[in-house]
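**Q** Quick one: this structure, given as structure tokens, is what I'll be asking you about.
The values are calculated or read from the model by the stated rules, or taken from the named source; none is laboratory data. Every value quoted in this text rests on a predicted model; they were computed, and no experiment measured them. Note that we place each Cβ from the backbone using ideal geometry, even for glycine, and neighbour counts take in every protein chain shown.
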Protein chains: 2
Amino acid sequence: VFGLAGLMSARGRTIAELGEFGFLSTLLQRLRGGAGVVVGPGQDCAVIRCGGRNYLYTVDALVEGVHFDPRWASPRRVGRKSFMVNASDVAAMGGRPRFCVVSIGVPPAYACRDLHALQRGIVQAARACGAAVVGGNLSRSERVFVSIALLAEAPRRLVTRRGARPGDQVYVTGSLGDAALALQQLCTKPAMEPSAALPRRLLEPSPRLRAGSFLVGSGIVSAMIDVSDGLLQDLGHICRESDVGATIRTASVPVSAAYRRVQGADRRLALSGGEDYELMCTVPVPQVQRLEAHRARLGCRITRIGEVTRSQGVRLVGPHGETVDPVTCGFDHFRSGSQ
Amino acid sequence: VFGLAGLMSARGRTIAELGEFGFLSTLLQRLRGGAGVVVGPGQDCAVIRCGGRNYLYTVDALVEGVHFDPRWASPRRVGRKSFMVNASDVAAMGGRPRFCVVSIGVPPAYACRDLHALQRGIVQAARACGAAVVGGNLSRSERVFVSIALLAEAPRRLVTRRGARPGDQVYVTGSLGDAALALQQLCTKPAMEPSAALPRRLLEPSPRLRAGSFLVGSGIVSAMIDVSDGLLQDLGHICRESDVGATIRTASVPVSAAYRRVQGADRRLALSGGEDYELMCTVPVPQVQRLEAHRARLGCRITRIGEVTRSQGVRLVGPHGETVDPVTCGFDHFRSGSQ
């Protein structure tokens, strides 16, 4: 889809102009598979073959001033989240986290106490997900960054963003919009009590490893992604990769009681806000009954919010059946402001 | 060696005060093995068990203003080196690079052309070493950083920093000091022609994968490390981990003709300068003859520079047999200034 022409026209432009996703698209054509590469870049995780079995491999970074603000994200929480965002990518492909290596950058004046707390956050999060931190690197850096590469056991069956078919039902776990709402509140009231429920959704995400593992292992889902950039943007990834479209009933998009108290019926943040780390999947109609029957095994709610269509693009349908203008914004941190 | 007391006294101090290695030592006690962890943190690579065979796993980062200066390190070279420093860790354990994931941070105003060049550098370096880039992450960051996690096939036999025994002979590949000398020259004359031989040693390191693989696979070496922080510092790692000491004949430390032209007989930069990415190994006496017989299979020079001793610490012996004061400085980028 992205040919050499796209790459050429990118010359002389800055990343801010092109946007993260535009840039990543031009990158993907550069990376071709090699021996042992089962699924290359462009999915939540790559799939590689090690010792005769499949492993998932992914990397993600948190950067101070971009992904977190030290005024409200404690070092322990930053460490924890930097692992969990990777675990969420693994959850999206139904994997089991095993081994990670950690690359940390901090200023020379960073307190050892804070660095220990940061590491404790990483190690505890890894343990909670069944993984071990096996290596690390510490660099000097003006701003704090934490980059974690995570290796996970792949399930027997591989599910990517590519398998959605017209007629499949679209489901999402848990609730959406809390993280974006928390961010909005923290930006206007930075002194907010950091243990409040909404900020906890932003600062202490819980990847849906159990749900992801069941949904993939049971053969129920045809495509899956984690909702890190916002429902619309991430559904867009599934649609483009699967060459389909989708219709979403906005009133069906699940939100928490805390969200509803603040936003009422307004689902905009739930549709476009990032960092919820829920799972969105497509389920072929013959599997819907099995999914409904096995809800209890997911460890969280799952809600049907729409269906996959033959016609391209994501169409939103309002509470009265009317078509709502698609909100195209998601979280692209090269274009939007910092937290 | 670093108990809880060490950790406690670190509280309230900054990383700059404690130093990178001091800090890493306190970190290590936090990380214990888990299922599938064959060798935990603290070596050039961790060793993990995937699909019934051993893999090496390592991570390293380059940060703008700390590890490179954009005035003389082009984006392509930064990309190339960020892969090669990881490949060097793999070489130190005799492995074969296979899969890497890349985490990049750049400012919004960074030119797409430069980012493409950076990535091209990474991808080309990976290919040259037999590895595939299978995933990546792009973040906004005030300063450029590139963090790469590399997974490599482990050799049947595991060699770490721990196997040196008194009487073993100390060897080093290639020549030392060029990178440190190049850095010194670039800092005083930043306009230096970037393709000159010395800067190329700094900007385009060539990890000793072939030599590492042969030295480990043949069973010749008892311990090995890559010389990234300087000969003395890295030899210190081997000595501490193996609970031994070493005597080094300074006049035997191999330097290039270019180094000799500038520094004459002064070996200080060759002893303490970092970033040469050569291999240093210890060879039991019964293996010395085999090593000498198979020199041609290494793809590079290898020079005997001293021997392992029972008494702790590294002792330097000058050209006339006199003991030279040990130079204890290596490259600790939290303590030394930036490039």
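**Q** Here is a list of conditions, (1) modelled with pLDDT of 95 or more; (2) within 19 Å of B:A46 (Cα to Cα), and B:D229 meets all of them except one; can you say which number that is?
**A** That leaves (1) as the condition not met.
**Q** Can you confirm whether the range B:105-114 contains a residue that is of a type outside the set (D, E), assigned to a helix (DSSP H, G or I) and surrounded by fewer than 24 Cβ atoms within 10 Å (Cβ to Cβ)?
**A** There is at least one residue in the range B:105-114 that is of a type outside the set (D, E), assigned to a helix (DSSP H, G or I) and surrounded by fewer than 24 Cβ atoms within 10 Å (Cβ to Cβ).
**Q** Being at pLDDT 95 or above and surrounded by fewer than 24 Cβ atoms within 10 Å (Cβ to Cβ) narrows it down to one of B:A91, B:A128, so name that one.
**A** Exactly one of B:A91, B:A128 is at pLDDT 95 or above and surrounded by fewer than 24 Cβ atoms within 10 Å (Cβ to Cβ), namely B:A128.
**Q** Would you mind stating whether A:R80 is basic (K, R), at the interface with another protein chain (Cβ under 8 Å from one of its Cβ atoms), closer than 30 Å to A:T160 by Cβ and in contact with a Gly (Cβ under 8 Å, 6 or more places away or on another chain)?
**A** So A:R80 fails the test.
**Q** Of all residues in the range B:137-173 being surrounded by fewer than 22 Cβ atoms within 10 Å (Cβ to Cβ) and among the small types (G, A, S), which is farthest from the chain's Cα centre (by Cα)?
**A** For the range B:137-173, the residue satisfying everything is B:S139.
**Q** I need the full set of residues from the range A:47-66 which are out of contact with any Phe, Trp or Tyr (no Cβ under 8 Å at 6 or more places or on another chain) and within 8 Å of chain B (Cβ to nearest Cβ), in order please.
**A** A:G52, A:R53, A:Y55, A:T58, A:V59, A:D60, A:G65, A:V66
**Q** Shifting gears a bit: Within the group B:L56, B:L62, which residue is modelled with pLDDT of 95 or more and surrounded by fewer than 22 Cβ atoms within 10 Å (Cβ to Cβ)?
**A** B:L62
**Q** Residues A:D69, A:D44: which one is crowded, with 24+ Cβ neighbours inside 10 Å, more than 9 Å from chain B (Cβ to nearest Cβ) and out of contact with any Phe, Trp or Tyr (no Cβ under 7 Å at 6 or more places or on another chain)?
**A** None of the other options fit; the residue is A:D44.
**Q** Okay, next question. Inside the range B:299-308, can you point out the residues that are surrounded by 18 or more Cβ atoms within 10 Å (Cβ to Cβ) and either within 13 Å of B:V227 (Cα to Cα) or not acidic (D, E) (or both)?
**A** Of everything in the range B:299-308, those that are surrounded by 18 or more Cβ atoms within 10 Å (Cβ to Cβ) and either within 13 Å of B:V227 (Cα to Cα) or not acidic (D, E) (or both) turn out to be B:I302, B:I305, B:G306, B:V308.
**Q** Follow-up question, since we're still on this one. Go through the range B:249-290 residue by residue and tally those that are touching a Gly at 6+ places or on another chain (Cβ under 8 Å) and within 20 Å of B:I220 (Cα to Cα).
**A** 6
**Q** Can you run down the residue pairs with Cβ atoms below 7 Å, 6 or more apart or on separate chains, where the first is in the range A:119-148 and more than 9 Å from chain B (Cβ to nearest Cβ) and the partner is of a type in the set (A, V, I, L, M, F, W, C) and surrounded by fewer than 22 Cβ atoms within 10 Å (Cβ to Cβ)?
**A** The qualifying pairs are A:V146/A:L62.
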